[in-house]
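K.L.:
This is the structure I have questions about; it appears just below.
The values are calculated or read from the model by the stated rules, or taken from the named source; none is laboratory data. Treat the numbers as computed from the prediction; the structure is a model and nothing was measured. Glycine gets a Cβ as well: all are built from the backbone with ideal geometry, and neighbour counts include every protein chain shown.
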Amino acid sequence: MDQGPRWEQAVVDRLVDGRWAVLLVGSDEREQVVELACLPPGVEAGSWLKVHFDGHRLAAVQRDEEATAEAAAHIRQKLEQLRRRGRRPDPS
Amino acid sequence: MDAVRGRRRRLPVAFLSLLMVLVLAGCTLVDGAGLPDPQPLAGHLVVSYLDVGQGDASLLQAEGCTMLIDTGRHDRQDLLPLLQQAGVTALDVLVLTHPHADHIGQAARVLRTLPVAEVWMSGWEHTTATFERTLDALLDSEAGYWEPRTGDTHRCGPLFIQILNPSEPLTDIHDNLALRVSFGQVAFLWTGDAETRHEEAMLATGLPVVAQVLQLGHHGSRTSSGERFLQAVDPSVAVYSAGRDNDYGHPHREVMERLEALGIPVYGTDVYGTIRVITDGRSWTIETEREPGP
């Protein structure tokens, strides 16, 4: 029975040379490099996606705005904690 | 500051016995030099551009200061062995130029293994799990945290560090930490993945950018190392970090041609393996892990 596409979460780690997008796919952050043109318009570094790979070919992709917002909120909160911590006192 | 041209093939006497050990151990020697003991030597700064594949990691070792700039790729586990081999037991400063996984990849492991006094980051809020793991490890550590900005300075032992980028507000993830590190009369420059527009912004600040050794931005990509910037830095030698046969064709031919036209020799980790520059603050030598292949 056809189980349909196997969707995985991915995040755009970086855009390289205006041509490539480096995706970190799944919980093991497997690196997949795809043509930027294969991604939906407006995708940028830090965008979360739902992707379906057929081998190394990106067969389907959707933006995941909810996951993007959730990750951004976690990160901001942790960075704020660090900013409050600040620099180490100068021992001198 | 007057540019000090480097001397090659002239190793300090202290290195000669070490060199013999390396010869006996079967290390490849290049230019009659090879890789000396990377641990700090009195009165010297040793800068190692570590071969971490298609990523970045530079280790600076001087008496009173050990610094690491970027931490290699997230999908490799090569950095800690390289640091251990170099005798690193603690870091005074860990600089993460920007939160791409090929620059902060092993930062969490470093932070969970070595005492780190202070971590510097650009402050760009990336959303990857690699970045979140880095923040978690940093929060669990006792390291201080700083987001330096253009014009900030810091002394670390004998090293003087000047921040050239970024300024507020950050425009994008490549608007990253760029720093000039000077030791005596010899200066080194790192620009992370800064692109030509960020290089232009650095020039516009009027801060000194002249450096004897320049690490080419963005692994030697054509997005970086603009001609005006190269002319202003006026390096005696350029270094880039890239993986052999990488997906992006780094370093790009245009950049290599630009360097050739300016008469600037270039060393890449894809060709030479780990590249090490040793300076006494007046002159410098450069050694590489291996010779270029056929």
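K.L.:
Looking at A:34, A:43 in this structure, which one is in a strand (DSSP E or B) and either touching a residue at least 60 places away in the same chain (Cβ under 8 Å) or more than 10 Å from chain B (Cβ to nearest Cβ) (or both)?
P.N.:
Details: A:43 fails: in a strand (DSSP E or B).
Just one listed residue meets the conditions, A:34.
K.L.:
For the range A:53-90, name all the residues that are crowded, with 16+ Cβ neighbours inside 10 Å and more than 8 Å from chain B (Cβ to nearest Cβ).
P.N.:
A:53, A:58, A:61, A:63, A:64, A:67
K.L.:
Just checking, which of B:260, B:291, B:287, B:254 is charged (D, E, K, R) and in a strand (DSSP E or B)?
P.N.:
Numbers: B:260 fails: in a strand (DSSP E or B); B:291 fails: in a strand (DSSP E or B); B:254 fails: in a strand (DSSP E or B).
So the residue among B:260, B:291, B:287, B:254 that is charged (D, E, K, R) and in a strand (DSSP E or B) is B:287.
K.L.:
So which of A:26, A:46 is of a type in the set (Gly, Ala, Ser) and surrounded by fewer than 17 Cβ atoms within 10 Å (Cβ to Cβ)? Walk me through how you get there before you give the answer.
P.N.:
Working: A:46 fails: surrounded by fewer than 17 Cβ atoms within 10 Å (Cβ to Cβ).
After ruling out the rest, the residue left standing is A:26.
K.L.:
Check B:57, B:42, B:117 and return the single one that is more than 10 Å from chain A (Cβ to nearest Cβ), on the phi < 0 side of the Ramachandran plot and modelled with pLDDT of 95 or more.
P.N.:
On the way: B:42 fails: modelled with pLDDT of 95 or more; B:117 fails: more than 10 Å from chain A (Cβ to nearest Cβ).
Result: B:57 is the single residue among B:57, B:42, B:117 that is more than 10 Å from chain A (Cβ to nearest Cβ), on the phi < 0 side of the Ramachandran plot and modelled with pLDDT of 95 or more.
K.L.:
Report yes if residue B:182 is part of a loop (DSSP other than H, G, I, E, B), at pLDDT 95 or above and either away from every other protein chain (no Cβ under 14 Å) or on the phi > 0 side of the Ramachandran plot (or both), otherwise no. If you could, list the steps in order and put the result at the bottom.
P.N.:
Numbers: part of a loop (DSSP other than H, G, I, E, B): no; at pLDDT 95 or above: yes; either away from every other protein chain (no Cβ under 14 Å) or on the phi > 0 side of the Ramachandran plot (or both): yes.
It is false that residue B:182 is part of a loop (DSSP other than H, G, I, E, B), at pLDDT 95 or above and either away from every other protein chain (no Cβ under 14 Å) or on the phi > 0 side of the Ramachandran plot (or both).
K.L.:
Here's another thing I want to ask about it. Could you run through the range B:125-151 and say how many residues are in a loop (DSSP other than H, G, I, E, B) and either within 9 Å of another protein chain (Cβ to nearest Cβ) or within 19 Å of the chain's Cα centre (by Cα) (or both)? Show your work before the answer.
P.N.:
As a first pass, look at the range B:125-151 and keep what is in a loop (DSSP other than H, G, I, E, B): B:125-128, B:141-143, B:147-151.
Filter once more, so that each one left must be either within 9 Å of another protein chain (Cβ to nearest Cβ) or within 19 Å of the chain's Cα centre (by Cα) (or both): B:125-128, B:142-143, B:147-150.
The qualifying residues number 10.
K.L.:
Something else about it: Can you find, within the range A:17-31, the residue that is nearest to the chain's Cα centre (by Cα) among those that are more than 9 Å from chain B (Cβ to nearest Cβ) and among the aliphatic types (A, V, I, L, M)?
P.N.:
Only one residue fits best here, namely A:23.
K.L.:
Every residue in the range B:215-232 that is within 21 Å of residue B:149 (Cα to Cα), touching a helix residue (DSSP H, G or I) at 6+ places or on another chain (Cβ under 8 Å) and touching a residue at least 40 places away in the same chain (Cβ under 8 Å), please.
P.N.:
Of everything in the range B:215-232, just one residue is within 21 Å of residue B:149 (Cα to Cα), touching a helix residue (DSSP H, G or I) at 6+ places or on another chain (Cβ under 8 Å) and touching a residue at least 40 places away in the same chain (Cβ under 8 Å), namely B:216.
K.L.:
For the range B:237-263, what are the residues that are closer than 19 Å to residue B:200 by Cβ, aliphatic (A, V, I, L, M) and buried (at least 18 other Cβ atoms within 10 Å of the Cβ)?
P.N.:
At the first step, the residues of the range B:237-263 found to be closer than 19 Å to residue B:200 by Cβ are B:238, B:252, B:254-255, B:258-259, B:262.
Going one step further and asking which of them are aliphatic (A, V, I, L, M), we end up with B:238, B:255, B:259, B:262.
Of everything in the range B:237-263, those that are closer than 19 Å to residue B:200 by Cβ, aliphatic (A, V, I, L, M) and buried (at least 18 other Cβ atoms within 10 Å of the Cβ) turn out to be B:238, B:255, B:259.
K.L.:
Restricting to the range B:205-236, name every residue that is surrounded by 20 or more Cβ atoms within 10 Å (Cβ to Cβ) and not in a loop (DSSP other than H, G, I, E, B).
P.N.:
B:213, B:214, B:215, B:217, B:218, B:219, B:220, B:229, B:230, B:233
K.L.:
With respect to the numbered conditions (1) in a loop (DSSP other than H, G, I, E, B); (2) more than 20 Å from residue B:177 (Cβ to Cβ); (3) within 16 Å of the chain's Cα centre (by Cα), which one is the sole condition not fulfilled by residue B:245?
P.N.:
All conditions are met except number (3).
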